[in-house]
1. What residue among B:Ser103, B:Ser252, B:Ser12 has the largest mean-square fluctuation in a Gaussian network model of chain B, using Cα springs under 10 Å?
2. When the helix-only estimate is applied to the protein assembly as shown (DSSP H runs of n ≥ 4, each -39,500 (n - 2.57), divided by the residue count), what is the mean residue ellipticity at 222 nm, nearest 500 deg cm²/dmol?
3. Quantify how strongly other chains surround peptide A:8-17 by giving the mean number of their Cβ atoms within 10 Å of each of its Cβ atoms.
4. Within 10 Å of each residue's Cβ, count the other Cβ atoms and sort B:Asp125, A:Asp65 from fewest upward.
5. Would you mind telling me which residue in B:Pro188, B:Pro248, B:Pro205 has the biggest mean-square fluctuation in a Gaussian network model of chain B, where springs connect alpha carbons within a distance under 10 angstrom?
6. Amide H neighbours of A:Gly160 under 5 Å, counting only residues 5+ apart in sequence or on other chains, H built in-plane at 1.01 Å?
7. What ratio of Cα Rg to 2.2 N^0.38 Å holds for segment A:122-231?
8. Please rank A:Phe123, A:Phe321, B:Phe221, fewest neighbouring Cβ atoms within 10 Å first, as an exposure proxy.
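Bear in mind these aren't lab numbers, they're just calculated from the coordinates by the rules spelled out. The model shown is predicted, which means the values in this text are computed figures rather than measured ones. All Cβ positions, glycine included, derive from the backbone under ideal geometry; neighbour counts span all protein chains shown.
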Amino acid sequence: MDFDLNEEQQMIKKMVADFADKEIAPVAAQYDQEEKFPEEIVKKMGALGIFGTVIPEEYGGGGFDYISHALVAEELGRVDSSVRGIYSVQISLVTLSILRWGTEDQKRMYVPRLASGEILGCFGLTEPNSGSDVASMQASAVLDGDSYVLNGNKMWISNGCADVALIFAKTDKSAGHRGITAFIVDTKTPGFSSRDIHGKLGLRASSTAELILEDVRVPKENVLGNPGDGFKVAMSALDNGRYTVAAGCVGTAQGCYDVAKKYALERVQFGKPIAGHQLIQEHFAEMAINIDAGRFLVYRAGHLKNKGVRCTREVSMAKLFCSEMVNQVAYRAIQIFGGYGFSNEFPVERFYRDARINTLYEGTSEIQKLIIASGDLGVSAFV
Amino acid sequence: MRIVVCIKQVPSTEAKVQMDPVKGTLIREGVESVVNPFDEYAIEEGVRLKERYGGEVIAVSMGPPQAKDALRQALAMGADKAALLSDRAFAGSDTLATAYTLSLAIKKLGEIDLVICGKQATDGDTAQVGPGLAQRLGFRQLTYVCKVREINLEGKKIVVERLLDEGVQVAETTLPALMTVVKDINQPRLPNVISIRRAARTEIPIWGPQDLNGDQAKFGFDGSPTQVVRIFTPPPRAGGQILEGEVPEVVSKLLDALSSQQVISI
C-alpha cells in the first residue's frame, strides 16, 4: 500500500487549490448571498481544463486517475461546495456517463466540449413525485418515426442552466425500472424549458431548476445506451456522482477545520488562545480523525475505480460516511467559533449550510445504508 | 529564440522557517518547498516571450533531488525542457559557486539568447546569483526588469524597463543578455490540466560535476569563499507612532515630525 500522492496528483491538487484560493474564495460569499451562478469561475475552470481531469486525452481531457478526480473535488469543496457541485455534475454524472454508455459518435460529439467547459451538462432523474423510488418516475418517451417525444417534469436539477441534459424517461410503463431509457437532450430543443429554484438553505450559488419537457422531440440517435437501459445508466452515473460528493465533503470538512484552527489559535479567552482549552482540543481531535477516515474511504473507492472494478458498495460507504461527517465537522467548527460562527462574517456559516444537502442528494443516507447492507446480506430491502 | 530560466526551490513563504543556530543554516525538514516567488515571474516572462517571438524555454535549477518539483512547476507553466544540477559535490555552494555551476550548465545548453532570473530568492535574499551568472557567461545584464518592451532578434537587441528606487529606466542592450525580474512584470499563470499532465511525463535529466566541463575546485563548499559568521532573526520592527487629534492639528504634527527626521524639507 502507498499513502503518498504521486507527482501528477500533487501537481493537480496544488493547481486547483491555488485556483480555489485565488479565484473562488474571494467571491464565494457574494455569490452565495446573491444566489448567483458563478459563470466567470466556470469559464476559468474550463480554460484550465479542470472539467476534463479524469477524461481520457483522446476526448480532450487530462487523462488523470480517479484519485486526482477526488483531489479536484476536495480542493473545490474546501472553498465552495456550489462550485464543487457544478464540477461533480458536469464530469461525474454527465461526461463520464456519456463516455461509459455512449456510441462513438455521441462521445465525439459531446465529451470534448463538456471536458473543455464549452458546454454545461445536467442530469435529469429526480421528479416532483419520484426521488428515492426511481422506478416510479412519470416522465415518458414515445417513439414517433425517427424520434422520441418526451414529456414530464424533472425536479431539483443541479446545473439547471445547462446546454445539454441527460433525461431519464419511461419508454415502457409496464416494465418498472427496466422500462426507463436515458436520452441526451439539447436544452434548446422546442418544448424544453426550466424554472429556477431559489430560497435554498445551501448551495445557493449553484443553479438548481425544475426542467419541464412538453413534447420535446429527441432523435433516436440520442438514446444513451439501449432503450430500457436507463436505470443501469442512472445507477452507474450515481456511482461516479457519489464519489465526488464524498470527496467534496472531505474538502468542505477540511475547510471547516482550517478556518476553525486559525480562529482557535487567535481567539483569546480565560487568558489564553482557546486552542489551548481541553474541550476545544477534543473538537479538533474528533474532526481530524473523522476527516481522515472519510478521506481514506474516498481514496479506497478511487483506488478501486482506477482498477476498473465494481465498487458501488465502497462508494456508498464513502458517500454515507463523508456526508454525515461533514455535518458533524461543520457543527463542531461553529461551536469553536461561538457567536462569530453564527454570522456570515466567517465562511464557516456557509460551510454549515452547504454541508446539509450532502446527506440528501444522489441517494439519501438511508438509501446508501440499503445499498451497502442489502449487497452484503444478499437480501434486498427495496420493494 | 532560446531562453533559459534559472529557478530555485525555497521554503514556502507561508511556513515558519527556523534557523539552526550552530550551523547557521535553515532547518528545511518538514517545511513545504515552493518555487521562489520571484522565479515564478521569471518563468512566466520566459513563456510569454516564447509565445511572442517563438523558440523554446529551458528551466534550470540547482538543488537537492526534490528541486525537481520546482522544475515540474516550470514545465507545467509552459517551459519546454528542464535540467536539474544535483550532486553532493554541489552542496554548500554560496552565490559565487552557484553562479559558476549554473553558467557551466547554460554553456552546455548551446547558443542561448536570453537568461531570466528572479531578482532574488526569498530565503537567502542576496540578489547575487543573477548578476554573477551574467558575468560568468559574459552576457549583458539587466537587473530589476519590470517590462520587456521589445526584442529584435535579427538586430540582437532588447529594450526593457527597469524598476529603480528613483523611477523607471528604459535600457537597451545587445543579446545575449541576462535579466532579473521584479514582480511588477507580469501575473504568473496557473498551469492547466493538460500541461500538468505533460510536465509530469517530461524526463528531467540530473547533471552532476561529470556532466559539466568545469574546475572541480570551484564547485560546492570548496568553491565557496563566503563564511556565515552569524545568523539571526532581526528584532521585530518597533511600532509606529499614531498621531491623534483634529485633522489640521495632526497634519501640522506630521509635517513637523517628517521634517525633523529630514524625510522632507519645508
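1. For chain B, modelled as a Gaussian network with Cα springs under 10 Å, the answer is B:Ser252.
2. For the protein assembly as shown, the value works out to -13000 deg cm²/dmol.
3. 5
4. So the ranking, lowest neighbour count to highest, is B:Asp125, A:Asp65.
5. Comparing B:Pro188, B:Pro248, B:Pro205 in a Gaussian network model of chain B, the most mobile one is B:Pro248.
6. A:Ser207, A:Thr208, A:Ala209
7. It is 1.02.
8. By the 10 Å Cβ count, ascending: B:Phe221, A:Phe321, A:Phe123.
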